[in-house]
Amino acid sequence: MFKRLALLCTAISLTIIAAIAIAQEQPLPTLGDRESSVLSPHEERILGQQFLMELRRSVRTVRDPILKYFVRTNMLELAEHSDLTQTELYPVIIDAKELNAFAAPGGIIGINLGLFRFAEDVHEYSSVVAHELAHLSQRHFARRIDQQRQLTVAQLFGFLTSAAVLASGATDAGLAGLLGTQSMVEAETLKYSRQQEREADRIGFNALTKAGYDPYGASRMFERLGTQDDALEFLRTHPVSQKRVADLSAQALELPEGEFESSDEYQLMRVRALQRFIETTTSSVRNPESITGEKLADWYERALVLHQRGDFEDAIEEMRKVVKQMPTSLLAISCFAELLTMSEKVDLAITVLEHALADTPDNAPLSMIYARALKAAERYTEATSVLQKQARIHSDDTDVWFELAETAGLADKIVEVHRARAEYYALRGEFNRAISQLNLAKKASDGASFRLEASLDQRILELRERAEQGA
């Protein structure tokens, strides 16, 4: 019996080898690269959108329009100098204090808010973003699928061979073969992961330096991470070895020396991010007198702490100093206007924002803060109009649709409430809920407009098709 089983396993093994050989001889479709035969760019986009929907449903993300604008602007700048060919990028800020970042198919880059804690300057921060963009440009996800497929075939072959050995009665040798096959697969997977990390280092480094950032940003950050316990999660997904640090330093040494200034805007964003992690207590951390520095970021931090203590006038004066030094910074102006609104200086906030928007119409953070200021002034209809325009420009932003639904309700625009909710749910992949909202919009419109009715029907049809397709 053992002999027959051994012969059967051997036959199966030979059949698999023959099938692999035949498959390798079959001509693959000409799609430009091997990865496209595994997962085409179109399939990557579909997969990415499905992942993005799941992310929106299950992960808490940062809704702050000012931080989102900085992250997106920085990412697009680096993308211009990268090997990335796709034009659509979907940055997502995860509301988590841990250091981490990831790239997913379809142009999705996820960044933990905690990155601002660990990256002490814009050069270190940008090195992480450039690294993730490199994972996208090199199509590492598709390549990993291809590698995993090859390992699976190797694992199956090893398993069958070991089974044949076991069937022949050589138990110890068979078990050793099984364990050896598993170890080989795990070792190859880890090796491949490290290879991809090194490749992303090299490609990301090129984008980083072409964009004008400090070439030592990555190595400087990696060296510091090795001594920090709360960076362990990042180090597990982005294994850092002495060789990786040495390679990055060696690349930097090949470039001519230069001086790289810190970014005041990044430092403002870092303060803004760090404030989310500081508990609202009466500890010395929240004492404005403990912030003794005289940099712009120090002024901004004092302004936030003073506002939190209820010292609105002093907070505004600190923030005025920042804007005076950064009069053309849209981020600084947005922060100032937001502080004015929170300090019940709504009319002044609206004036500041309208002046800035006259020079940069429809700018995302200015417009979102403007809508909030108008809402604080109970000018709900105007706020709704601002958000409607932002929703048309940034139709893939769930936060804009969410805010539009809330504001339209205050403006008593019930149809718009349901339409905005529908788009919010659609972006989360909750198509049945989205369709229900559109049906409520139809009911609320009560046939007042044939054009509106037709538009709602068309959108319902589109969402039903997407629901059937699962995307």
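Taken together, the values in this text are just the output of simple stated rules run on the coordinates, not laboratory data. Fair warning: this is a prediction, and the values are worked out from it, not measured in the lab. Don't worry about glycine lacking a Cβ; one is built from the backbone with ideal geometry, like all the others, and counts go over all protein chains shown.
In table form, for the structure just shown:
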{"read-out": "Counted charge near Ile393, where neighbours are those whose Cβ lies closer than 15 Å (Asp, Glu -1; Lys, Arg +1)", "value": "-3"}
{"read-out": "Charge sum, other residues only, whose C-beta stays under 11 Å from Ala211's C-beta, Lys/Arg counted +1 and Asp/Glu -1", "value": "-2"}
{"read-out": "Over 27 Å (Cα to Cα) - which of Lys324/Lys345; Lys295/Lys389; Lys97/Lys389; Lys389/Lys413 fall in this group", "value": "Lys295/Lys389; Lys97/Lys389"}
{"read-out": "Cα-projected label distance for Glu88 with Leu461, points at 7 Å along beta-carbon direction, nm", "value": "2.2 nm"}
{"read-out": "For peptides 358-370, 456-468, sequence by mean Cβ density within 10 Å, most packed first", "value": "358-370, 456-468"}
{"read-out": "Förster-model FRET efficiency, 25 Å R0, Lys210 and Gln469, C-beta, rounded to 0.05", "value": "0.05"}
{"read-out": "Sequence-distant residues sharing a close amide H with Ile108 (under 5 Å, placed H)", "value": "Tyr90"}
{"read-out": "Other-chain or far-sequence residues with amide H under 5 Å of Thr61's (modelled H)", "value": "Asp95"}
{"read-out": "Label-to-label distance, nm, for residues given as Leu76 and Phe277 (7 Å Cα→Cβ offset)", "value": "2.8 nm"}
{"read-out": "Packing-based ranking, highest mean first, of 435-445, 413-423 given that Cβ atoms within 10 Å are counted", "value": "413-423, 435-445"}
{"read-out": "Those residues of the range 372-394 whose amide nitrogen sits under 17 Å from the label point placed on Asp347, 7 Å along Cα→Cβ", "value": "373-379"}
{"read-out": "Rounded FRET efficiency, nearest 0.05, which uses the C-beta distance separating Arg392 from Ala454 and R0 of 22 Å", "value": "0.75"}
